[in-house]
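Asker: Attaching a single structure in structure tokens format; questions to follow.
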Amino acid sequence: MWFENIAKVDEPGPGELMEFTRGVETFLGFVLKERHDFAFLWEDEPELWELAEEDMIGKIPESTLDQHGLRKQPLKFKLRVLNSIANRWRRIREQFQVGTLRRMLAAREWFKKIVEAIDAVLDSLIDAAGGAGGLVKEFKDALRALA
């Protein structure tokens, strides 16, 4: 879904990392938009509807990206795992519709898994960028805490 194109790249690098951050932002926007499926996130704090963006990826030296597993095969693996988890949403949604799955429990579990996969890349990226991108991570962490 959000990471499908970058998960297919044989030797991902800085361009795919920029796409990753956009994908994370799109994913977070999806969670915000799909109020029905993710209502459990907003029960206590409905005003948590802001996203932040900070783009420092282009300034990170490739050697630093390599040290943090953010290029080529290590990044390819992370992106494919992330894409695999993201694509499970379609199946979960179908099961919701036929009534074979409890909506809140399934949405909560899927959300936790995809956030963990996002963390695998985002934490490395923030470390490589010397802390840049922290606002996106803080927002994502806040959402995870609500789940």
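The values are calculated or read from the model by the stated rules, or taken from the named source; none is laboratory data. All values reported here derive from a predicted model rather than from experimental measurement. Cβ placement follows ideal geometry from the backbone for every residue including glycine, while neighbour counts extend to all protein chains displayed. Please note that ligands, DNA and RNA were not included when accessible areas were found on the heavy atoms of the full protein model with its side chains. Shrake-Rupley method; radii C 1.70, N 1.55, O 1.52, S 1.80 Å.
Asker: Determine if segment 64-73 includes at least one residue that is hydrophobic (A, V, I, L, M, F, W, C), touching a Ser or Thr at 6+ places or on another chain (Cβ under 8 Å), modelled with pLDDT of 85 or more and part of a loop (DSSP other than H, G, I, E, B).
Answerer: yes
Asker: Which pairs do you get when a residue that is open to solvent by 60 Å² or more (accessible area, probe 1.4 Å), found in segment 80-101, comes within reach of a residue that is modelled with pLDDT of 90 or more, reach meaning Cβ atoms under 6 angstrom, with the pair 6+ apart or on two chains?
Answerer: So the pair list comes out as ARG80/ALA7.
Asker: Checking PHE38 against (1) modelled with pLDDT of 85 or more; (2) surrounded by 14 or more Cβ atoms within 10 Å (Cβ to Cβ); (3) not basic (Lys, Arg): exactly one of these is not met. Which one?
Answerer: Failing condition for PHE38: (1).
Asker: Under 6 Å by Cβ, and 6 or more places apart or on different chains, what pairs join a residue from segment 113-131 that is farther than 17 Å from LEU65 by Cβ and of a type in the set (A, V, I, L, M) with one that is at pLDDT below 90 and open to solvent by 20 Å² or more (accessible area, probe 1.4 Å)?
Answerer: Qualifying pairs under 6 Å: VAL115/ARG144.
Asker: Modelled with pLDDT under 85, crowded, with 16+ Cβ neighbours inside 10 Å and not in a helix (DSSP H, G or I): does that describe ALA132?
Answerer: In short, yes.
Asker: Six or more apart or on different chains, Cβ under 7 Å: which pairs go from a residue in segment 1-13 that's in contact (Cβ under 8 Å) with a residue 24 or more places away in the chain to one that's assigned to a loop (DSSP other than H, G, I, E, B)? Could you list them?
Answerer: ILE6/PRO12; PRO12/ARG71; GLY13/ARG71
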